[in-house]
1. Taking the alpha-carbon centroid of each part, what is the distance from region 264-291 to region 547-569 in angstrom?
2. Could you tell me which of rounded, prolate or oblate describes region 300-447, using a ≥ b ≥ c as the square roots of the eigenvalues of the alpha-carbon gyration tensor, with rounded for a/c under 1.5 and, failing that, prolate when a/b is larger than b/c and oblate otherwise?
3. When the gyration tensor of region 233-374 is built from Cα positions, what are the square roots of 5 times its three eigenvalues, in whole Å, from largest to smallest?
4. Report the antiparallel proportion of the DSSP beta bridges in the chain as a percent, rounded to a multiple of 5.
5. May I ask for the distance between the Cα centers of region 448-477 and region 53-67, given as a whole number of Å?
6. Using Cα-only point scatterers and the Debye equation, what is log10 of I(q)/I(0) for region 118-272 at each q in 0.17, 0.19, 0.20, 0.21 Å⁻¹, rounded to two decimals?
7. Quick check: residue separation of residue 60 and residue 217 times 0.36 nm, minus the Cα distance between them. What number comes out in nm?
8. As an exercise, use a Förster radius of 41 Å and the Cβ-Cβ distance of residue 188 and residue 397 to find the FRET efficiency, rounded to the nearest 0.05.
């Protein structure tokens, strides 16, 4: 029997145990499943060692989709002190692992089989790399004795892109194990990688013959500590010298998430204004009088007005490369003296606005702010005497006989899931109209309560990621999504299996709304943006969850209250008005037009 919350493996998996041979020669066993161990063998194998190593690295959750080529590995994971969760699609498992790792602040493992199992996970893994999660991928590989012979789902460097098995643009670290003796060095390298700020994505590819081979002997589990990067004293003094002479403000990104205390102290001493990128919402309280607004997708007009009216000469940029979703490359936001840009990645410096003066400082944001505050006077106000705090959206009175207006929907989400101090909910926004509205209308007073994607922006990320977050937190997690993303990929059935308190709020307009509005803004005829209307409440109930359809604004509040009170997964299908255009369209269209013009 599997332990509570773990996967009950199929009976045929149970008999595919440890191989008596680890060299891949001789009996190849069941095609695609590896070799059978002689009855009664009880020695620890390589899969057992991997499971123990994961636990030593801090992994507690493993998200997987079973397959023959990982039979030995999944059996070992289920026997270890790990919670094993079976998902319905590898991409969903990867997205969910990403959000679980962010929610817990610890690594999460994903385990997939060969061929399509590995390929299916890649989109979710690319989001991990782009957005800074901590995920370790375990994948099956074809044993050497079967390669080149037409093995089922043959997987290896000869049949797949080589960069799946080495460090590069996707993985920070990757290796296909040829022999169990490689495990000690591999886990030491992974342990070091997991301590790098900014996330870590690793990949251990394990051929079936290695999975069942005897484990390495002796003590080999890693024990090491890597100090985070801090700034040089000269860099801090240069920053102080520049800021002393200029009018400046802070532009905070996701990299400043764990430095909110230091940022608040910087504002107290200097009275500087703060702008945040969409992923940094809540890093500085959006209700504070010095909060100027959100930049990029769903931007507030107050940001450009602040730069203009206060004569800002330089930005202190903390933990963002200012990419398209963070800045929309708005030249009006660039002050005359440029940027002081603090980031762990040197390739972030100066890329968003070529030609703009940049002072680049490689450092973890919290350590930089600590060093800056240590060398700064207690009161050092050289900034404007006051700022115009970002106002709350105007209160909207519900209508009785109209579809739900999008601004009213977000007003109620704010009331039910964010403003009540008794409610501890993580709110997520899926790519598309949903995240533009959320960035623009929702207000957060603390970090970590809002999640959205920026650089990668994959549809399907948060409709599945919400399940990982709910499992990891053992608390309510809410995703705001369009109907297109909900149809593309969701893990409602997985949430039912593990009683994950996940909530899906679906903006149901029977179309890919952002794409349709975008075509029209570019003067083009929309191409196949309409889709048949779905009833997501019926869908949820068919999978064992609960749900409700909301067609009128008067019914929205009670529906959200039901979702908040639900003990298990819950879907709120909101039929939204069609005439509300998302507050990113003008900027996004401008970027597309400028790109098309420059290409000609």
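Throughout, read-outs are computed from the coordinates displayed, never taken from laboratory work. Just so it is clear, the model here is predicted, and its values are computed rather than measured. Please note: Cβ atoms are built from the backbone with ideal geometry, for glycine as well, and neighbour counts cover all protein chains shown.
1. 33 Å
2. Prolate, since a/c reaches 1.5 and a/b exceeds b/c.
3. Values: eigenvalues 73, 58, 47 Å².
So the three semi-axes of region 233-374 are 19, 17, 15 Å.
4. Numbers: 3 of 72 bridges.
Of all bridge pairs located within the chain, approximately 5 percent are antiparallel.
5. Centre-to-centre (Cα) distance: 19 Å.
6. The computed values of log10 I(q)/I(0) come out as -1.05, -1.22, -1.30, -1.37.
7. Numbers: separation 157, 0.36 × 157 = 56.52 nm, distance 2.37 nm.
Gain on extension, residue 60 to residue 217, equals 54.2 nm.
8. Working: r = 61 Å, r/R0 = 1.50.
Efficiency computed from Cβ-Cβ geometry: 0.10.
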